[in-house]
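Here's the structure, in structure tokens; my notes come after.
The values are calculated or read from the model by the stated rules, or taken from the named source; none is laboratory data. Owing to the predicted nature of the structure, the values given are computational and were not obtained by experimental measurement. A quick note on method: Cβ atoms are made from the backbone with ideal geometry, for glycine too, and the neighbour counts reach across all protein chains shown. For the accessible areas, the whole protein counts, side chains as well, though only heavy atoms, and no ligand, DNA or RNA atoms are used. Shrake-Rupley method; radii C 1.70, N 1.55, O 1.52, S 1.80 Å.
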Amino acid sequence: MNKDSVNRCSWAYDKHPEMQLYHDTEWGVPVHQDTKLFEFLVLEGAQAGLSWSTILKKRQDYKRAFNNFDVKRVAEFGIHTIDELLYSPNTNIVRNRLKIQSAITNARAFIKVQHEFGSFDNYIWRFVEGGRTKHNFFRNCKQVPIRSVESDNLSKDLKVRGFSFVGPTICYAMMQAIGMINDHIIYCFRHKELLGMKDR
């Protein structure tokens, strides 16, 4: 397939090349590995109030700063690590103390969920019917919502479990990212590809 001539969701034509690559290869693909799920939890929380392209450009910096998204190591971060992430000239992440602290708090809550459900994957996929991708059939990106009943329920439950920066809008974005929801528009070449993709 010549991917220069295919139709995409309008946001994939962002001036940053990372956005098109992300759209074409990752967005909406079902994720079931806990390390990857924790990565998206951190990145989506960091995005709050910012553009996704900003976070994508810093993705490798986040990977280094958060020990390849090793949830156990991040859960052990203390005040000195927080200060290092905030003030080190070698760190190129969003320098927001609340967001960094949230990543640590969420790592600890994430581990508790793993212990309770066997994996975070087992837990989070319960919030879509049958534990399968919910495929939407929108004709343009303006029809795509910023939250849903599923994201509202996930947000509420995560907050009860001690997670932060997990409002319904952030949760919806994460559910789109990890393939719980397929919100590629119907004219986008990825919509059909994901329809034919097995969830597991």
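A few points about this structure:
- Considering residues of region 27-54 that are at pLDDT below 95 and among the small types (G, A, S) only, the residue surrounded by the fewest Cβ atoms within 10 Å (Cβ to Cβ): G49
- With respect to the conditions (1) more than 22 Å from S151 (Cα to Cα); (2) at pLDDT 95 or above; (3) open to solvent by 20 Å² or more (accessible area, probe 1.4 Å), K57 falls short on a single one, namely (2).
- You will find that of V160, V128, V144, the residue that is farther than 15 Å from G45 by Cβ, open to solvent by less than 20 Å² (accessible area, probe 1.4 Å) and out of contact with any Ser or Thr (no Cβ under 7 Å at 6 or more places or on another chain) is V128 and no other.
- Among the numbered conditions (1) open to solvent by 20 Å² or more (accessible area, probe 1.4 Å); (2) more than 23 Å from C171 (Cβ to Cβ); (3) in contact with a Lys or Arg (Cβ under 7 Å, 6 or more places away or on another chain), the only one that D24 does not meet is (1).
- In region 131-140, residue farthest from the chain's Cα centre (by Cα) [restricted to those that are on the phi < 0 side of the Ramachandran plot and open to solvent by less than 40 Å² (accessible area, probe 1.4 Å)]: N136
- Taken together, D152, D121 contain a single residue that is over 24 Å from L195 (Cβ atoms), under 16 Å from the mean Cα position of the chain (by Cα), modelled with pLDDT of 95 or more and not small (G, A, S), which is D152.
- Selection status of I178, within 18 Å of the chain's Cα centre (by Cα), among the hydrophobic types (A, V, I, L, M, F, W, C) and modelled with pLDDT of 95 or more: yes
- Residues of region 23-36 that are in contact with a Ser or Thr (Cβ under 9 Å, 6 or more places away or on another chain) and assigned to a helix (DSSP H, G or I): D34 alone.
- In region 62-72, the qualifying residues are those that are in a helix (DSSP H, G or I) and open to solvent by less than 30 Å² (accessible area, probe 1.4 Å), and the one that is farthest from V166 (Cα to Cα) is A65.
- Picking from residues in region 73-108 that are buried (at least 16 other Cβ atoms within 10 Å of the Cβ) and among the small types (G, A, S), the one that is nearest to the chain's Cα centre (by Cα) is A103.
- Search result, residues across region 163-188 that are of a type in the set (A, V, I, L, M, F, W, C) and surrounded by fewer than 16 Cβ atoms within 10 Å (Cβ to Cβ): I186
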